[in-house]
Amino acid sequence: MIFPDEILLISDSIVKLRSRLSDIVEPDFGLLDQLLSLGVLARRQYDDIRSERRAAYRRTDAVLDLLTSEEQCNQFITALQRTDQQHVINYIKQNGGQTDSDFIDET
């Protein structure tokens, strides 16, 4: 279970890691179906993302663009769990392997 403080951290991490997530999230093989069933995607959004012939990273970008709330980010994590993408969850929860001190400018 993810608690409210963690959800905020997860949404922040998703925003920070967006470009890398586009490369490692697998949008096919069930993720879009899970996002639809969890209510993250509406049927029209699902159909738009699925119907366009574009690279997987562009489909992932389209999904990430739709994650506008902490609850949607929480559901995204659930969908990743259900589609065996634990490595992506770990990457998000570990903020891409970076600590807060990695972002401090010491100049």
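Key figures
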| read-out | value |
| --- | --- |
| Cα-based radius of gyration of segment 4-95 once divided by 2.2 N^0.38 Å, which approximates compact folds | 0.97 |
| Segment 19-72, Cα convex hull volume normalised per residue, Å³ | 75 |
| Student exercise, segment 4-95 dipole from Lys, Arg, Asp, Glu Cβ charges, in Debye to nearest 20 | 280 |
| Leading residue at positive end of dipole, segment 4-95 (Cβ point charges), from Leu17, Ser51, Leu32 | Ser51 |
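FYI, it's all coordinate maths here, none of it is from the lab. No experiment lies behind these values; they were computed from the predicted model shown. Backbone-built Cβ (ideal geometry, glycine too); neighbour counts: all protein chains shown.
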